[in-house]
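The values are calculated or read from the model by the stated rules, or taken from the named source; none is laboratory data. If you're wondering where the values come from, they're calculated on a predicted model, not measured in any experiment. Neighbour counts are summed over all protein chains in view; Cβ atoms, including those assigned to glycine, are modelled from backbone coordinates with ideal geometry.
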Amino acid sequence: MCERGDRQPMGLSLKKSSFLLIALGLLGTGGILGCSTPTFEESSSEEISSPNSDETGVFSYEPYAELLQTYVDENGMVDYQSLQQNRQGLDQFNASIGAVSSATYESWSDNQKIAFLINAYNSFTLQSIIDQNPIKDSIRDIPGVWRIRTFEIAGESKTLDNIEHQTLRKDFNEPRIHAALNCTALSCPPLRPEPYVADQLDQQLDEQVEQWLSSSYGVQIDREAAEVKISEIFDWFGEDWLADYGVESGFAGSDKERAALNFMTQYLEPEDAAYLEAGDYQVKYLDYDWSLNQKSS
């Protein structure tokens, strides 16, 4: 590395001064002393490859954290109108997601990848909502929002469905992601008002499951009617729980429903967990409310 202290002292002869001027000119073009000025392409490439990462490839979620703290409340409700009017931070963060290189992504641990993908999915979904003018009453009113519209992520173009089904669900055996991915509907698990990060991911996912299942959109146990109603998410993606939570006895319903109920028991009160395991009830699915999770003004 060239240091400013490497310069020659004053008081040189005219000949030496002339040589110095030539040398300084060469320094400006990277001609001597092994110091080279990066070309425009190299400089731009380095900036584009990881504008939101440090030298080790660790991705920074600070801009996203500030955004979530500003526009998302503790219940996961979003002030979309204000976010739409002040969208620069979200747009810049989403651009940084696309600028992460595939090599950098592949160098990360599983927890880093999972956190990155969940944050990307949720952030791109926020963008999908505020791109509409006026804002729609439901994400389902946006044509092609899941399967057609693409976003740049880690050197690839992916749809929201690609991120969820072809990457997160395919590459990782982690069913708790369903408590973290937010589709902006009231029946979705709540949008966490902070980013997911690798070193806290296990705790964050457990907290998300607990919050989701404790709500009326997660599970409802009606002992008098002998019914247990659970989120339709367990119907749509129930096979994701089979590998780790499938059981041969206890609980009620189909194989995937019993696996989902077994999964839930670790997050419920002991008496509710025991009731689920006994299996003397009928399993039903809750109606899904697709209304936008918009914070009331």
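P189 - would you say it is farther than 19 Å from S96 by Cβ and crowded, with 22+ Cβ neighbours inside 10 Å?
Numbers: farther than 19 Å from S96 by Cβ: yes; crowded, with 22+ Cβ neighbours inside 10 Å: yes.
Considered against the rule, which asks whether it is farther than 19 Å from S96 by Cβ and crowded, with 22+ Cβ neighbours inside 10 Å, P189 comes out as yes.
Scanning region 100-132 for residues that are more than 15 Å from the chain's Cα centre (by Cα), more than 17 Å from L292 (Cα to Cα) and either at pLDDT below 95 or buried (at least 16 other Cβ atoms within 10 Å of the Cβ) (or both) yields a count of 2. In this structure, A260 does satisfy being of a type in the set (G, A, S) and in a helix (DSSP H, G or I). In region 205-213, the condition of being modelled with pLDDT of 95 or more, of a type outside the set (A, V, I, L, M, F, W, C) and either over 27 Å from the mean Cα position of the chain (by Cα) or assigned to a loop (DSSP other than H, G, I, E, B) (or both) is met by no residue. Take the residues in region 40-88 that are of a type in the set (A, V, I, L, M, F, W, C) and at pLDDT below 95, then tell me which one is surrounded by the most Cβ atoms within 10 Å (Cβ to Cβ). By that ranking, first place goes to F59.
Scanning region 237-293 for residues that are surrounded by 17 or more Cβ atoms within 10 Å (Cβ to Cβ) and polar (S, T, N, Q) yields N262, T265, N293. Figure legend. Inter-residue proximity from region 240-269: first residues at negative phi and among the β-branched types (V, I, T), second residues at pLDDT 95 or above and in a loop (DSSP other than H, G, I, E, B), beta-carbon distance below 9 Å, spacing 6+ or different chains. Indicated pairs: T265/F251.
Residues being more than 26 Å from V219 (Cβ to Cβ) and either among the polar types (S, T, N, Q) or modelled with pLDDT of 95 or more (or both) are represented in region 169-181 by at least one member. Close contacts from region 274-297, counting a first residue that is closer than 13 Å to I221 by Cα and in a loop (DSSP other than H, G, I, E, B) and a second that is at pLDDT 95 or above and among the small types (G, A, S), with Cβ to Cβ under 7 Å and a gap of 6+ residues or different chains, come to G279/G250; G279/A252; D280/A226; Y281/A226; Y281/A252; L286/S231. For region 138-156, the criterion of a residue being touching a residue at least 12 places away in the same chain (Cβ under 8 Å), touching a Leu at 6+ places or on another chain (Cβ under 6 Å) and not in a helix (DSSP H, G or I) is satisfied by at least one position.
A count restricted to region 172-202 and to residues that are part of a helix (DSSP H, G or I) and under 23 Å from G246 (Cα atoms) stands at 6.
Taking the criterion of being buried (at least 22 other Cβ atoms within 10 Å of the Cβ) and β-branched (V, I, T), the residues of region 211-236 that qualify are V219, V228, I230, I233.
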